[in-house]
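Asks: Structure incoming, see below.
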């Protein structure tokens, strides 16, 4: 999913920023991106007469292999490198492991407010409305305090869920984990979403094995973000 979205140019602004950070930190990812870019250039060169001539010379003359890097333009250098390696029977193997926190940055988004949607013109200002209004407007510090107080007073399970989402957004996943575990044991309609957000919390905490365990549960349950969990499992492999 990560590299496919890069090739499609379908990143959101936030995803693009996270991906740029990943490129700076992860050598393996940079190699993978460079390799894919080289392959793309090869594919785009399919109908280029100059490139076909270079390939013809390469295939017809063994000596051309020795002087290939000198005789072709810089434009085709990367492509020729690929062809040389493939012709020799080698395989490119790049480190594809992406740090868990970077996978978290690309996959986490606080769950939308489906419990108490705030619409324009809402006049009522009870504590519940204030809490979800703060959540919707990304005032997560205020939302956290209000959700905490509301759960203490009313013990509605969904406050656990939204409080946990808020904590993860505030980079406090360690505090979110026990809330999500508790939420999983309730009969709340949002409980089926908690395994995914537990996985997100573990990714933020760099707890790879726990994240994989929860992602496997997401796939097994087949209720929420199954495709995303399947792709993340591949990225974590």
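The values are calculated or read from the model by the stated rules, or taken from the named source; none is laboratory data. Quantities reported herein were computed from a predicted structural model and do not represent experimental measurements. Every residue, glycine among them, receives a Cβ derived from its backbone with ideal geometry; neighbour counts consider all protein chains shown.
Here's the yes/no breakdown for (1) more than 14 Å from residue 104 (Cβ to Cβ); (2) part of a helix (DSSP H, G or I):
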position	(1), (2)
147	yes, yes
158	yes, yes
161	yes, yes
166	yes, yes
171	no, no
183	yes, yes
188	yes, no
209	yes, yes
215	no, yes
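Asks: Take the residues of the range 1-33 that are in a loop (DSSP other than H, G, I, E, B) and surrounded by 11 or more Cβ atoms within 10 Å (Cβ to Cβ): which is modelled with the lowest pLDDT?
Replies: 1
Asks: Sticking with this one: Just to be sure before I move on: is residue 176 more than 16 Å from the chain's Cα centre (by Cα), crowded, with 16+ Cβ neighbours inside 10 Å, assigned to a helix (DSSP H, G or I) and modelled with pLDDT of 95 or more in the structure I sent?
Replies: yes
Asks: Same structure, new question: Take the residues in the range 206-232 that are touching a helix residue (DSSP H, G or I) at 6+ places or on another chain (Cβ under 7 Å) and touching a residue at least 40 places away in the same chain (Cβ under 8 Å), then tell me which one is surrounded by the fewest Cβ atoms within 10 Å (Cβ to Cβ).
Replies: Taking the candidates together, the pick is 206.
Asks: Looking at the structure I just gave you, is residue 153 surrounded by fewer than 19 Cβ atoms within 10 Å (Cβ to Cβ) and not in a helix (DSSP H, G or I)?
Replies: no
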